[in-house]
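One structure below.
Nothing in this text is a laboratory measurement; each read-out follows from the coordinates by a stated rule. Being a predicted model, the structure only gives us computed values, none of them experimental. Because the Cβ atoms are built from the backbone with ideal geometry, glycine has one as well, and the counts that use them run over all protein chains shown.
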Amino acid sequence: MGYKKVCLDCRKAFNRPINMEKVHISICPQCKKPMTELYHLFQPPKQTDIKKWEVVNFLVENGFKYYHIWEQVFKNEKGEICGTANYAKYPQSMKDAKEFVELYKEQAITE
Ligand SMILES: [Zn+2]
């Protein structure tokens, strides 16, 4: 488990040092804007692969920061979650990303 600090503007990812436990805002060394923290499922695309970065941007904006998403969520009669199955794969194309956001919007975390 780990995090990556990512600058979506510069399309750069930095590994987060293990000994940093305090929450604070990290600043991109290049553009000086606050960076986004993404979870361990994130694999940075090549810096030149703008289309893939657009997908990353889109997912993050919609509350999917590369933590595990369940492919199936089971609910009881009261609508409470009583079980989950299979991790969903994060999409690589914008078309798939739009479907993903729609399909799993209940699992998005937006602050
Ligand atoms: Zn930057």
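Odds and ends about this structure:
- Order of 36, 110 - criterion: other Cβ atoms within 10 Å of each residue's Cβ, fewest first: 110, 36
- Extension gain (nm, one decimal) between residue 75 and residue 61, 0.36 nm per residue minus Cα-Cα: 2.4 nm
- Between residue 103 and residue 9, full extension at 0.36 nm per residue minus the direct alpha carbon distance yields a gain of 31.2 nm.
- Helix-only arithmetic for the chain: the sum of -39500 (n - 2.57) across DSSP H runs with n ≥ 4, divided by the residue total, places the mean residue ellipticity at 222 nm at -6000 deg cm²/dmol.
- 64, 100 arranged by Cβ crowding within 10 Å, fewest neighbours leading: 100, 64
- Using alpha carbons only: equivalent-ellipsoid semi-axes of the stretch 2-107, gyration tensor based, whole Å: 28, 18, 11
- The GluC sites (Glu not before Pro) of the stretch 42-80 meeting both criteria, a DSSP state outside H, G, I, E and B (loop) and at most 16 other C-beta atoms within 10 angstrom of the site's C-beta, are 77, 80.
- Each other residue within a Cβ distance under 14 Å of residue 52 adds +1 if Lys or Arg and -1 if Asp or Glu, for a net charge of +2.
- Inter-label distance, nm, simple model (7 Å from Cα along the C-beta direction), residue 86/residue 68: 1.5 nm
- The local environment of residue 31, defined by Cβ-Cβ distances under 14 Å, has a net charge of +4 under the rule Lys, Arg +1 and Asp, Glu -1.
- Here residue 98 is the anchor, and the lysines within straight C-alpha reach of less than 22 Å, apart from those fewer than 8 places off in the same chain, are 46, 51, 52, 65, 89.
- Counting every other Cβ atom within 10 Å of each residue's Cβ, 55, 6, 101, 73 order from fewest to most as 73, 101, 55, 6.
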